[in-house]
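The values are calculated or read from the model by the stated rules, or taken from the named source; none is laboratory data. Owing to the predicted nature of the structure, the values given are computational and were not obtained by experimental measurement. Note: ideal-geometry Cβ built from the backbone for every residue, glycine included; neighbour counts use all protein chains shown. Just so you know, the surface numbers come from the protein's heavy atoms only, side chains and all, with ligands and any DNA or RNA stripped out. Shrake-Rupley method; radii C 1.70, N 1.55, O 1.52, S 1.80 Å.
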4 protein chains.
Amino acid sequence: MAKKSIDKYEAILDAAAKIIGEVGYHKAQISKIAREANVAEGTIYLYFKNKQDLLLSLFQKRYGEFISNLKFEVANAKTPMDKLKKLITMHLENSERDRNFAQVTQIELRQADRDLRQKLSELLKDYFDIIESIIEEGKEQGIFRKDISTKVMRRMIFGTLDETVSSWLLSSRRYSLSRLSNDIFELFCYGLVKPE
Amino acid sequence: MAKKSIDKYEAILDAAAKIIGEVGYHKAQISKIAREANVAEGTIYLYFKNKQDLLLSLFQKRYGEFISNLKFEVANAKTPMDKLKKLITMHLENSERDRNFAQVTQIELRQADRDLRQKLSELLKDYFDIIESIIEEGKEQGIFRKDISTKVMRRMIFGTLDETVSSWLLSSRRYSLSRLSNDIFELFCYGLVKPE
Amino acid sequence: MAKKSIDKYEAILDAAAKIIGEVGYHKAQISKIAREANVAEGTIYLYFKNKQDLLLSLFQKRYGEFISNLKFEVANAKTPMDKLKKLITMHLENSERDRNFAQVTQIELRQADRDLRQKLSELLKDYFDIIESIIEEGKEQGIFRKDISTKVMRRMIFGTLDETVSSWLLSSRRYSLSRLSNDIFELFCYGLVKPE
Amino acid sequence: MAKKSIDKYEAILDAAAKIIGEVGYHKAQISKIAREANVAEGTIYLYFKNKQDLLLSLFQKRYGEFISNLKFEVANAKTPMDKLKKLITMHLENSERDRNFAQVTQIELRQADRDLRQKLSELLKDYFDIIESIIEEGKEQGIFRKDISTKVMRRMIFGTLDETVSSWLLSSRRYSLSRLSNDIFELFCYGLVKPE
DNA sequence: AATGAATGAGATTTCATTCAT
DNA sequence: CATGAATGAAATCTCATTCAT
């Protein structure tokens, strides 16, 4: 086999997600990741520049896939309301399906050093863009209120989803995450106050 | 804590908040905190069991003060709406006033190891209780909708505030945080959808 | 003891000289030097910035002492011929007395990376200056020939002494080094050719 | 060596000389040498036992050629003085012509481990023999003085040439090396002292 | 013969924590 | 109570060498 095996690349990424999910980024030793991936330590450095690059690649790949699925589904939804609904559902379902991904995304990413966090937040920007474009579309169509800035709204949406997933992770996932979609959607659209 | 110089205890906590706020928990060396506090490294271990205990104490103290202020103000507010408004304002104002506090609370806490994070989330529980009791009161008084669980609502409120402060910190605090209170309050109460 | 012990500093330097003398710079592990000095590995980093700094300090100290002795003795010698004689003698005697020093100076220093070697050759410059000033003085007094450049002469003197010590070290020091002073002096002064 | 492609063998040696000349023995990675030689890393181990063997072979080949040329020229020169002159000239000219050779010979060889250096100095022995036989011949013919041992004389000759080349290399070769031959010859024959 | 992906021992350096003074 | 020098475990990354293809 002349080319570096794509299997090994995947194996290392999977192993990293697992170990980081279990013990956190800082405690995730390269040696453990290597063992988990059935690979020698040095091999990891054939595929990734260093530990940080491994984390970055992990996030990039997993988040990248999610974002592109999300884009597709959102584009296919008709109304801004449908799009928002879809986004909430996908965020929660994806987190529920891949626990390691959620763990890394929600919690461990924040362990990174200042500069890594900077790079990571650039990746998040794609997600933010999708959320904001839904909001803008809603505003244009006269469905969403225009008196509140799009950024504030986006932070509510992302912050709520993020916190919801974090809680679920810390609770050891004793309840169904995706079943919350409807309520959260309702809350986003109409707020806490009971309509008369 | 009762014996020993209370000044030193305070000095160390202040130094820790400063250093951690600057470089993050993992990069905050005990030696730097000691130098900042004008204390020998060993002295820190007379007041705190270890580095983790120092962070925990820091959080406990700062968050404790905040929580007790919050309780007081919330108790004094008349309606659930007023209480919610007060909570939002205080959360944002407090974060804006004490940058180190916000930094530690929002971002650095997540760097902690699994068990530390567990302990910290227990401290957060007090905050959650306040939020939830406001919601319950609102529900009882027929102001807030009852068809959505209190926990889901609480996660929206906390998650949104958390994300809002995080964004502000990462943006290098180039805008006024507390000025967002009204919009966030509006959003919480009435949601995204434009009333006709 | 409040101040870092000067004893430890010395002990580490001695240990480094010994270990480097035995196995060479690259194979001289910090851990071995630490064991030899009866010190923990970390302690070495309290006294020296890194391994390279340790070597540099070692050379600086030992060579510095030698140079200052040499300067003193050379200043006290009357004629350029006496000065040259003294220099030869001291070079050989010093190497003979402190085998580790010689080993490090003659052989191991050259192992250094490009930049370290640069720094080291700056230190050697002091030695070169002494040699060249003796030559210049001899030329001025009409004792040494003026038709050959001082640098060429200096290189002969240093190169010969250096090679002589290197040979002696590689021969496992089976003969007396300092006893060669006279012959070398003769050779420097009058050359290979038999006077008629 | 007889079998296998002699081209590859040469290519590897050339590449090794180039890389070692550039970055030194310790920093010369096998992977870089392989790339420079347009060969796979593993291939190097078909031709050489290990890295050390590669260096040894390199030296052997280059020095061997030089030595055999030297022998030829020295045999053709008439007097011991002519022979000495020739040797000086060839040493300097060869170093000047092949910078990599000089670099490896003068400086990088010293980076080798103890046992490698031992082997290398055995190779040098051939060179030493030539020098010493010139000296002996001179002594027999009554041209060179007999009161100084041949070894001491040889060390002066080799040491001076060695140091001269080293200086030139470290000076980034800003002057002509071979033009120094005459002065050095003069110095060897008649010494520093001005004849009256 | 040739390849180059894979290996894994090994070395430096950091830093929370201890303990003799 | 206070100090800060000393400790040493731990973790990343490198690179000569091997070996399956």
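General remarks:
- With the simple spin-label model, which puts each label point 7 Å out from Cα in the Cβ direction, the C:R117 to A:F72 separation comes to 5.9 nm.
- Residue-averaged 222 nm ellipticity for the protein assembly as shown, from DSSP H runs of 4+ at -39500 (n - 2.57), nearest 500: -23000 deg cm²/dmol
- Placed amide H near B:F144: partners under 5 Å, 5+ positions off or other chain: A:K194, B:K139
- Given their separation in residues at 0.36 nm each and the Cα-Cα distance between them, B:R179 and B:K27 gain 51.5 nm when the chain is fully extended.
- Neighbouring partner chain Cβ atoms per residue of D:177-189, average, 10 Å criterion: 3
- Unit charges on C-beta of K, R, D, E only; dipole of chain C, Debye: 340
- Gap separating the Cα centres of the stretch C:1-49 and the stretch A:154-196, nearest whole Å: 59
- The angle separating the long axis of helix D:114-140 from the principal Cα axis of greatest extent in chain D is about 30 degrees.
- About its Cα centre, the stretch B:1-48 has a charge dipole of approximately 120 debye under the convention of +1 per Lys or Arg Cβ and -1 per Asp or Glu Cβ, with nothing else charged.
- Residues losing 50 Å² or more accessible surface upon assembly, the stretch A:143-166, compared with the chain by itself, 1.4 Å: A:R145, A:I148, A:V152, A:R155, A:M156, A:E163
- Pairwise burial C:D, computed as accessible area of each alone minus the pair, summed, 1.4 Å, Å²: 4500
- In a simple Cβ point-charge model (Lys, Arg +1; Asp, Glu -1; nothing else charged), the protein assembly as shown has a dipole of about 520 debye relative to its Cα centre.
- Pairs beyond 31 Å (Cα-Cα), from D:K27/D:K61; B:K8/B:K86; C:K61/D:K32; A:K85/B:K85; A:K78/B:K83: B:K8/B:K86; C:K61/D:K32; A:K78/B:K83
- As computed over the stretch B:1-91, the Cα convex hull volume per residue (Å³): 108
- Dimensions of the stretch C:50-190 from C-alpha coordinates, computed as largest minus smallest value along each principal axis and given longest first, are 49, 33, 26 Å.
- Folded to 0 to 90 degrees: helix C:150-170 orientation relative to chain C principal axis, Cα: 50
- FRET efficiency for the pair D:S5 and A:Y45, taken as 1/(1 + (r/R0)^6) with r the Cβ-Cβ distance and R0 = 45 Å, rounds to 0.90.
- Average accessible area per residue (Å²) across chain D - probe 1.4 Å, nucleic acids and ligands excluded: 46
- Label point distance in nm, B:F128-B:D98, each placed 7 Å from Cα along Cα→Cβ: 2.2
- Among the protein heavy atoms, those of A:E36 account for about 80 Å² of accessible surface (1.4 Å probe, every chain in place).
- Cα-based shape type of the stretch B:117-196, given that a ≥ b ≥ c are square roots of the gyration tensor eigenvalues and the cut on a/c is 1.5: oblate
- For the protein assembly as shown, diffusion coefficient by Stokes-Einstein and Kirkwood Rh (Cα), 10 °C, 1.306 mPa s, µm²/s: 48
- Backbone phi angles across the stretch C:179-192, fed through the Karplus curve with coefficients 6.51, -1.76 and 1.60 (θ = phi - 60°), yield HN-Hα couplings of 6, 7, 3, 4, 4, 5, 4, 4, 4, 4, 6, 10, x, 6 Hz in residue order; Gly and Pro are listed as x.
- Note on the stretch C:1-48: Kirkwood radius taken over Cα pairs, Stokes-Einstein applied at 20 °C and 1.002 mPa s, translational D equal to 201 µm² s⁻¹.
- Nearest-ten-degree value, helix B:51-76 long axis tilted from longest Cα axis of chain B: 30
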